[in-house]
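Peer 1: To start, I am sharing the structure in question, which I have written as structure tokens.
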């Protein structure tokens, strides 16, 4: 594999994206690789560039940026034979962390150039739109909106946004349908996990396996607000699935409805990126649909 395409988000990682292209050039100019560097210019551009890369038969297409950039580039190469490489520059780096890809740019590039481990992973869709780590409705979707508007990223800002928003949060009544029947519950949030974490090593589904052909649904039920620190601690310790306030389901697809907002639009997130969609929410697994260069 010697024809590489690097798709860089120049504003990722506190502007690290502006300098990473020069670093890649310096590393590759003495090596036997043909490479191209393209910069994204607007939201959604990564999808288009990755599709062009597939059409031009690049051997590996590398997403250089945060989770949003990885999501876009991965969308563009879904169901192709072209592997995704990742040089993580974001604050969360959920997929990179799950796949044990180095967070250091130099080591991540070395992992891509060696290409020792290329595996097929599952992906998923929410109302037809792809995601790769997690998607959700309720509390985590609202936090995604708040987090996206904050001047900085990182785990401390995520905790700050979570605790400040939770003061006024109210649980909603959800209906969750799967092949095993229908579950109704009052919950602060319903998360659908293909991979184990949101990013930043915040594990919402410690048991999730990105290659098992199944989605893990985690609903955090109503609980006394004075227990929020305990709940959040369990998430950080990768033990939230053991909480009595959590409902865990595992299926290849789910249909989720908010019984208090049926038929209306609702806020959701896909891989931490906030958006609105229309109820009901349909989530499905796409087994072994993405080739990825991993650090394993």
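Only the coordinates and a few stated rules stand behind these numbers; no lab work does. Because the structure is predicted, anything quoted here is derived from the model rather than measured. Don't worry about glycine lacking a Cβ; one is built from the backbone with ideal geometry, like all the others, and counts go over all protein chains shown.
Peer 1: When the chain is treated as a GNM, springs tying every alpha-carbon pair under 10 Å, which of 216, 201, 107 comes out with the largest mean-square fluctuation?
Peer 2: Fluctuation is largest for 107.
Peer 1: Per 5 Å bin from zero, what fraction in whole % of the C-alpha pairs of the chain is there, up to the bin with the longest pair?
Peer 2: 1, 6, 12, 17, 19, 16, 12, 9, 5, 3, 1, 0, 0
Peer 1: While we're looking at this one, here's another question. Given the DSSP H assignment, sum -39500 (n - 2.57) over each helix run of at least 4 residues in the chain and divide by its residue total; what's the result at 222 nm in deg cm²/dmol, nearest 500?
Peer 2: Helix-only estimate at 222 nm: -8000 deg cm²/dmol.
Peer 1: Order the peptides 122-132, 185-195, 237-247 from the highest to the lowest mean number of other Cβ atoms within 10 Å of their residues.
Peer 2: Values: 122-132: 20.3, 185-195: 23.6, 237-247: 15.5.
The peptides rank, most packed first, as 185-195, 122-132, 237-247.
Peer 1: Sorted by packing (mean other beta-carbon atoms within 10 Å per residue), highest first, where do 285-295, 267-277 land?
Peer 2: Highest mean packing first, the order is 267-277, 285-295.
Peer 1: If you don't mind, another one. Which angle from 0 to 90°, rounded to the nearest 10, does the C-alpha axis of helix 17-28 make with the longest principal axis of the chain?
Peer 2: That works out to roughly 40 degrees.
Peer 1: Under the rule a/c < 1.5 gives rounded, and otherwise a/b versus b/c splits prolate from oblate, where does the stretch 3-116 land using the Cα gyration tensor?
Peer 2: Since a/c stays below 1.5, the shape of the stretch 3-116 is classed as rounded.
Peer 1: Between rounded, prolate and oblate, where does the stretch 191-296 land on the alpha carbon gyration tensor, with a ≥ b ≥ c its root eigenvalues, rounded for a/c under 1.5, else prolate if a/b exceeds b/c?
Peer 2: oblate
Peer 1: Pull up the DSSP beta bridges for the chain and report the antiparallel fraction as a percent, rounded to 5. Intermediate results must be reported in sequence, preceding the final value.
Peer 2: Values: 54 of 71 bridges.
For the chain, the DSSP antiparallel bridge percentage is about 75.
Peer 1: Working from Cα positions, state the angle (0 to 90°, nearest 10) between the long axis of helix 67-77 and the longest principal axis of the chain.
Peer 2: 70 degrees
Peer 1: Using a 10 angstrom cutoff on alpha carbons, build the Gaussian network for the chain and name the most mobile of 137, 64, 82.
Peer 2: Judging by the Gaussian network model, the answer is 82.
Peer 1: Two-decimal Rg/Rh of the stretch 54-126 from alpha-carbon positions, Kirkwood Rh?
Peer 2: Reported Rg/Rh (Cα atoms, Kirkwood Rh): 0.93.
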